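Visitor: Input: one structure, supplied below.
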Amino acid sequence: MPISFSDQAERSETEPRARELSKIAGLLRITLTLTLGLLAIWLIGDVLAVIFASALVAIVLHGLARMLRRHVSVIPYQGAVALVTVVILVALFSLGWYSGPAISDQFIRLKQALITQSGELRTHLSGSTLGQMVLDHLPSSLGGNAASNASLGSLGSGLAGSVTGLLSSVFGILGTLLVVLIAGLYFALSPAVYIDGVLRLVPTQHRPAARELMLTAGSTLWAWTAGQALDMLVVGMLSGIGLSLIGIPLALALGVVAGLCNFIPYIGAILGAVPAVLLGLSLGTHEALFVGILYCVIQFFEGNVLAPLIQRRAVHMPPALAILSQTVFGSILGAPGLILASPITAALLAMGDKATAPLEDENQTRRAVGEVTEEEEKQQE
């Protein structure tokens, strides 16, 4: 059928309108997807935290299995994952068998010491106007005088509960941990099955890019987790050795607490130092001062030497963004969100870096805001 001139004119008016409607439809799809994602995080955030933690365990097992296969290529992939899992379980069982009683005893004594010492600190603060003002602004969960229907209790109960209060909900924690470990093992045994299952939800034309983004996030999380594990080990050892040299009791338990808390960047350093400083106060002001100096030196070494060295393969995370992500995910998901905020942010940054084009001139903004001058830039080159 021949097309008349009027048909061409009508089509020329319709095509721009169709393009505009297509753009509006695309924006609506993006808005709906973000809305549903935020709603899912708000409603089933705890479940999503368990899923992400399981994926993190799977990434660790997958990375260790690939390292093993690079040296012993005759082992099949599933066999390598099973062997790595057995070795980890045997190592943990051996550690618990030989060192578990000593560590458990130190943690129990640490909890009691924290309750006693922080109670004395609260009594001391109540005796001064400034201390009373501090207590009036502290929440009741930390032993302050904020309005609450519950008993005021002691500061030590709150601190001990936040640092070593695992005994009160041990069965819930162990159950969740068991689910995370089992799910992570199944994820690690057949990662392609679950990745392809997610890709089936993505439109066909976007599947290659989505697969690339997921693989980038996985490799970034492996580098981040491996580096963070080494970072935790070094910080825990330095803290334990330094505290024992100062003469602080329960140095082993305090070193373990410092290493575990260091999984949470920046905030974890403060959480790990609080119980050591409290125990230092039980010995005297000078000991507490030495403990504070020790932790400042360790964190300076960790932040300026150790972390940049072992995390150089992972995505760079600006400090302000790390702290804000901990605030956001912590407010939404609670303690699991605070713990998992950094790896989640690292994965999102890696995917964003992969999905977006690099800047043509990376120093242009730095020159515009005055961080660097043209002369300084030339000297750096």
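Visitor: Size of the dipole of segment 164-310 about the Cα centre, Lys and Arg at +1 and Asp and Glu at -1 on the beta carbon, nothing else charged, in debye to 20?
Guide: Roughly 360 debye for segment 164-310.
Visitor: By per-residue mean of other Cβ atoms within 10 Å, what is the highest-first order of 268-276, 364-372?
Guide: Per-residue mean Cβ counts within 10 Å order the peptides as 268-276, 364-372.
Visitor: Additional query: So what's the net charge close to Ile264: Lys and Arg +1, Asp and Glu -1, counting the other residues with Cβ under 15 Å from its Cβ?
Guide: -2
Visitor: Order Phe301, Phe290, Phe93, Phe329, most accessible first, counting only protein heavy atoms with a 1.4 angstrom probe.
Guide: Output order, biggest surface exposure first: Phe93, Phe290, Phe301, Phe329.
The values are calculated or read from the model by the stated rules, or taken from the named source; none is laboratory data. Just so it is clear, the model here is predicted, and its values are computed rather than measured. When we count neighbours, we look across all protein chains shown, and the Cβ atoms used for this are built from the backbone with ideal geometry, even at glycine. Please note that ligands, DNA and RNA were not included when accessible areas were found on the heavy atoms of the full protein model with its side chains. Shrake-Rupley method; radii C 1.70, N 1.55, O 1.52, S 1.80 Å.
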